Amino acid sequence: MLSEPHSFLAQAFAGPRSYLPMASHAYALSGNPLTMDDFHRRYLLLNQYLADPHPLTQLKPEAIAPGLATLTCQQVIELLLHWPGAPQRNAILDAVCVEFGLCPVDNSPFRIWGYYAPGQGALPLHVYIGCDGWLYDTLPGLPAHRTRDSHGRCPPSWLLRHGMQPLDEAHVCSTAVHALAAGTLASIHAPEQAWRTVTEASG
(Lines give C-alpha, C1' and ligand atoms only; values in the text may rest on other atoms or scores of the structure.)
Protein backbone atom coordinates (compact mmCIF):
# COMPACT_ATOMS: atom_id res chain seq x y z
CA MET A 1 0.00 0.00 0.00
CA LEU A 2 1.24 3.47 -0.89
CA SER A 3 1.61 6.07 1.83
CA GLU A 4 0.70 9.73 1.52
CA PRO A 5 3.43 12.03 0.18
CA HIS A 6 5.50 13.42 3.01
CA SER A 7 8.10 16.04 3.79
CA PHE A 8 11.75 15.10 3.91
CA LEU A 9 15.14 16.66 4.12
CA ALA A 10 17.75 15.62 1.57
CA GLN A 11 21.47 16.29 1.44
CA ALA A 12 23.76 16.11 -1.60
CA PHE A 13 27.34 14.88 -1.50
CA ALA A 14 29.75 17.73 -2.24
CA GLY A 15 33.00 15.93 -1.46
CA PRO A 16 35.91 15.41 -3.84
CA ARG A 17 34.65 12.10 -5.28
CA SER A 18 32.11 12.38 -8.10
CA TYR A 19 29.29 9.88 -8.51
CA LEU A 20 27.53 11.86 -11.25
CA PRO A 21 27.90 9.29 -14.07
CA MET A 22 26.85 6.30 -11.97
CA ALA A 23 23.71 4.24 -12.13
CA SER A 24 22.23 3.48 -8.74
CA HIS A 25 23.52 -0.10 -8.68
CA ALA A 26 27.08 1.00 -9.54
CA TYR A 27 27.12 3.44 -6.61
CA ALA A 28 25.50 1.07 -4.13
CA LEU A 29 27.59 -1.97 -5.04
CA SER A 30 30.92 -0.37 -5.98
CA GLY A 31 31.17 3.42 -5.92
CA ASN A 32 34.25 3.15 -8.14
CA PRO A 33 34.05 5.17 -11.37
CA LEU A 34 36.85 3.07 -12.87
CA THR A 35 34.81 -0.12 -12.73
CA MET A 36 31.28 1.21 -13.20
CA ASP A 37 31.09 0.20 -16.87
CA ASP A 38 31.94 -3.41 -16.02
CA PHE A 39 29.47 -3.38 -13.14
CA HIS A 40 26.75 -2.05 -15.43
CA ARG A 41 27.53 -4.65 -18.10
CA ARG A 42 27.32 -7.52 -15.61
CA TYR A 43 24.14 -6.14 -14.10
CA LEU A 44 22.43 -6.02 -17.50
CA LEU A 45 23.76 -9.47 -18.38
CA LEU A 46 22.36 -11.00 -15.19
CA ASN A 47 19.01 -9.38 -15.98
CA GLN A 48 19.19 -10.90 -19.46
CA TYR A 49 19.90 -14.38 -18.08
CA LEU A 50 16.93 -14.11 -15.73
CA ALA A 51 14.71 -13.15 -18.68
CA ASP A 52 16.03 -16.03 -20.79
CA PRO A 53 18.07 -18.68 -18.94
CA HIS A 54 18.14 -21.10 -21.87
CA PRO A 55 21.81 -20.40 -22.79
CA LEU A 56 22.83 -21.40 -19.26
CA THR A 57 21.06 -24.75 -19.48
CA GLN A 58 23.52 -25.77 -22.20
CA LEU A 59 26.51 -25.38 -19.86
CA LYS A 60 27.79 -27.26 -16.84
CA PRO A 61 25.73 -26.24 -13.77
CA GLU A 62 28.82 -25.48 -11.70
CA ALA A 63 30.40 -23.27 -14.39
CA ILE A 64 30.47 -19.51 -13.81
CA ALA A 65 27.78 -17.98 -16.00
CA PRO A 66 29.52 -16.44 -19.04
CA GLY A 67 30.27 -12.77 -18.48
CA LEU A 68 29.60 -12.89 -14.75
CA ALA A 69 32.26 -13.04 -12.04
CA THR A 70 30.79 -15.19 -9.27
CA LEU A 71 27.37 -16.73 -9.91
CA THR A 72 27.25 -20.15 -11.50
CA CYS A 73 24.81 -21.22 -14.17
CA GLN A 74 22.93 -23.30 -11.61
CA GLN A 75 22.73 -20.43 -9.11
CA VAL A 76 21.22 -18.12 -11.73
CA ILE A 77 18.70 -20.73 -12.90
CA GLU A 78 17.67 -21.54 -9.34
CA LEU A 79 16.64 -17.92 -8.78
CA LEU A 80 13.76 -18.53 -11.16
CA LEU A 81 12.54 -21.47 -9.08
CA HIS A 82 11.66 -19.30 -6.09
CA TRP A 83 8.03 -18.43 -5.58
CA PRO A 84 7.26 -15.25 -7.57
CA GLY A 85 6.92 -12.08 -5.55
CA ALA A 86 8.78 -11.28 -2.35
CA PRO A 87 10.59 -14.66 -1.99
CA GLN A 88 12.03 -14.38 -5.50
CA ARG A 89 12.89 -10.68 -5.14
CA ASN A 90 14.76 -11.38 -1.90
CA ALA A 91 16.68 -14.25 -3.47
CA ILE A 92 17.59 -12.12 -6.49
CA LEU A 93 18.82 -9.24 -4.33
CA ASP A 94 20.98 -11.65 -2.32
CA ALA A 95 22.41 -13.01 -5.57
CA VAL A 96 23.15 -9.51 -6.86
CA CYS A 97 25.10 -8.79 -3.69
CA VAL A 98 27.06 -12.03 -4.05
CA GLU A 99 27.89 -11.36 -7.71
CA PHE A 100 29.30 -7.95 -6.83
CA GLY A 101 31.29 -9.03 -3.80
CA LEU A 102 28.97 -8.08 -0.94
CA CYS A 103 28.27 -11.03 1.35
CA PRO A 104 24.72 -11.22 2.78
CA VAL A 105 24.66 -11.74 6.55
CA ASP A 106 22.02 -11.89 9.26
CA ASN A 107 23.03 -8.78 11.19
CA SER A 108 24.93 -5.74 9.98
CA PRO A 109 24.64 -1.93 10.05
CA PHE A 110 24.77 -2.02 6.24
CA ARG A 111 21.77 -2.87 4.08
CA ILE A 112 21.34 -3.02 0.33
CA TRP A 113 17.85 -2.06 -0.77
CA GLY A 114 16.19 -2.77 -4.10
CA TYR A 115 13.09 -1.32 -5.71
CA TYR A 116 11.45 -3.65 -8.24
CA ALA A 117 9.20 -1.64 -10.54
CA PRO A 118 6.40 -3.76 -12.05
CA GLY A 119 7.17 -4.78 -15.62
CA GLN A 120 10.74 -3.45 -15.53
CA GLY A 121 12.75 -6.68 -15.54
CA ALA A 122 13.90 -9.20 -12.96
CA LEU A 123 16.54 -7.03 -11.26
CA PRO A 124 15.85 -3.98 -9.10
CA LEU A 125 15.24 -0.82 -11.09
CA HIS A 126 16.81 1.18 -8.26
CA VAL A 127 19.46 0.01 -5.79
CA TYR A 128 20.38 1.99 -2.70
CA ILE A 129 21.99 1.76 0.73
CA GLY A 130 20.80 1.89 4.31
CA CYS A 131 23.25 2.69 7.09
CA ASP A 132 22.72 4.08 10.61
CA GLY A 133 19.26 5.42 9.86
CA TRP A 134 20.25 7.07 6.57
CA LEU A 135 19.41 6.07 3.01
CA TYR A 136 22.04 6.80 0.33
CA ASP A 137 21.54 6.67 -3.42
CA THR A 138 22.28 8.30 -6.73
CA LEU A 139 21.02 8.41 -10.30
CA PRO A 140 22.96 9.28 -13.48
CA GLY A 141 23.55 13.01 -13.62
CA LEU A 142 22.91 13.54 -9.91
CA PRO A 143 25.33 13.60 -6.99
CA ALA A 144 24.90 11.01 -4.28
CA HIS A 145 22.14 11.99 -1.87
CA ARG A 146 21.15 10.92 1.61
CA THR A 147 18.09 11.32 3.80
CA ARG A 148 16.94 10.07 7.17
CA ASP A 149 14.74 7.00 6.66
CA SER A 150 14.84 3.67 8.48
CA HIS A 151 12.04 2.06 6.43
CA GLY A 152 13.75 2.01 3.05
CA ARG A 153 10.97 3.62 1.05
CA CYS A 154 12.32 7.13 0.43
CA PRO A 155 15.61 6.95 -1.49
CA PRO A 156 16.32 10.66 -1.95
CA SER A 157 17.71 10.80 -5.50
CA TRP A 158 14.78 8.71 -6.74
CA LEU A 159 12.23 10.95 -5.03
CA LEU A 160 13.92 14.12 -6.24
CA ARG A 161 13.72 12.93 -9.84
CA HIS A 162 10.46 10.98 -9.84
CA GLY A 163 8.31 12.75 -7.23
CA MET A 164 7.97 12.74 -3.48
CA GLN A 165 5.78 9.64 -3.16
CA PRO A 166 7.41 6.96 -0.99
CA LEU A 167 8.00 3.68 -2.80
CA ASP A 168 5.37 0.98 -2.55
CA GLU A 169 6.51 -1.38 0.19
CA ALA A 170 5.20 -4.32 -1.85
CA HIS A 171 7.99 -3.70 -4.38
CA VAL A 172 10.86 -3.00 -2.00
CA CYS A 173 13.16 -5.45 -0.24
CA SER A 174 16.55 -5.38 1.43
CA THR A 175 19.37 -7.57 2.63
CA ALA A 176 22.06 -6.98 5.24
CA VAL A 177 25.64 -7.25 3.97
CA HIS A 178 28.90 -7.68 5.86
CA ALA A 179 30.45 -4.51 4.42
CA LEU A 180 30.15 -1.98 1.64
CA ALA A 181 32.60 -1.27 -1.15
CA ALA A 182 35.37 1.22 -0.44
CA GLY A 183 34.16 3.59 -3.15
CA THR A 184 30.71 3.74 -1.58
CA LEU A 185 32.07 4.15 1.95
CA ALA A 186 34.09 7.15 0.78
CA SER A 187 30.84 9.12 0.73
CA ILE A 188 29.15 7.49 3.73
CA HIS A 189 32.17 8.07 5.99
CA ALA A 190 32.89 11.56 4.65
CA PRO A 191 32.81 14.42 7.20
CA GLU A 192 29.54 16.25 7.73
CA GLN A 193 30.75 19.27 5.78
CA ALA A 194 30.91 17.10 2.67
CA TRP A 195 27.10 16.99 2.68
CA ARG A 196 24.96 20.04 1.92
CA THR A 197 21.22 20.42 2.36
CA VAL A 198 19.52 20.71 -1.01
CA THR A 199 15.80 20.43 -0.43
CA GLU A 200 13.07 20.23 2.11
CA ALA A 201 10.06 19.25 0.11
CA SER A 202 6.54 17.97 0.36
CA GLY A 203 4.87 15.84 -2.21
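The values are calculated or read from the model by the stated rules, or taken from the named source; none is laboratory data. Computed from a prediction, not measured in an experiment: that's the story for all the values here. Methodologically, a virtual Cβ is constructed for each residue, glycine included, from the backbone with ideal geometry; neighbour enumeration extends over all protein chains shown. Surface accessibility is based on the protein's heavy atoms, side chains included, excluding ligands, DNA and RNA. Shrake-Rupley method; radii C 1.70, N 1.55, O 1.52, S 1.80 Å.
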For segment 178-192, give me each residue that is in contact with a helix residue (DSSP H, G or I) (Cβ under 9 Å, 6 or more places away or on another chain) and assigned to a helix (DSSP H, G or I). G183, T184, S187
What are the residue pairs meeting all of these: first residue in segment 65-91, first residue surrounded by 13 or more Cβ atoms within 10 Å (Cβ to Cβ), second residue of a type in the set (V, I, T) and not in a helix (DSSP H, G or I), Cβ atoms under 9 Å, and 6 or more apart or on different chains? A65/T72; T70/I64; L71/I64; T72/I64; C73/I64; R89/V172; N90/T175
Selection status of A95, under 24 Å from L46 (Cα atoms), surrounded by 19 or more Cβ atoms within 10 Å (Cβ to Cβ) and small (G, A, S): yes
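Is it the case that H151 is open to solvent by less than 50 Å² (accessible area, probe 1.4 Å) and touching a helix residue (DSSP H, G or I) at 6+ places or on another chain (Cβ under 9 Å)?
Numbers: open to solvent by less than 50 Å² (accessible area, probe 1.4 Å): no; touching a helix residue (DSSP H, G or I) at 6+ places or on another chain (Cβ under 9 Å): yes.
Judged against the criteria, H151 is not a match.
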Picked from segment 50-104 (must be in a loop (DSSP other than H, G, I, E, B) and touching a Phe, Trp or Tyr at 6+ places or on another chain (Cβ under 7 Å)), the residue nearest to P124 (Cα to Cα) is F100
Every residue in segment 34-49 that is open to solvent by 60 Å² or more (accessible area, probe 1.4 Å) and either part of a loop (DSSP other than H, G, I, E, B) or within 25 Å of R196 (Cα to Cα) (or both), please. L34
Where L180 falls short, out of the listed (1) surrounded by fewer than 21 Cβ atoms within 10 Å (Cβ to Cβ); (2) touching a residue at least 24 places away in the same chain (Cβ under 8 Å); (3) within 15 Å of the chain's Cα centre (by Cα); (4) closer than 18 Å to Y27 by Cα: (1)
Consider segment 154-177. How many of its residues are surrounded by 13 or more Cβ atoms within 10 Å (Cβ to Cβ) and part of a loop (DSSP other than H, G, I, E, B)? 7
Is there a residue being modelled with pLDDT of 95 or more, among the aromatic types (F, W, Y) and out of contact with any Asp or Glu (no Cβ under 7 Å at 6 or more places or on another chain) anywhere in segment 188-197? yes
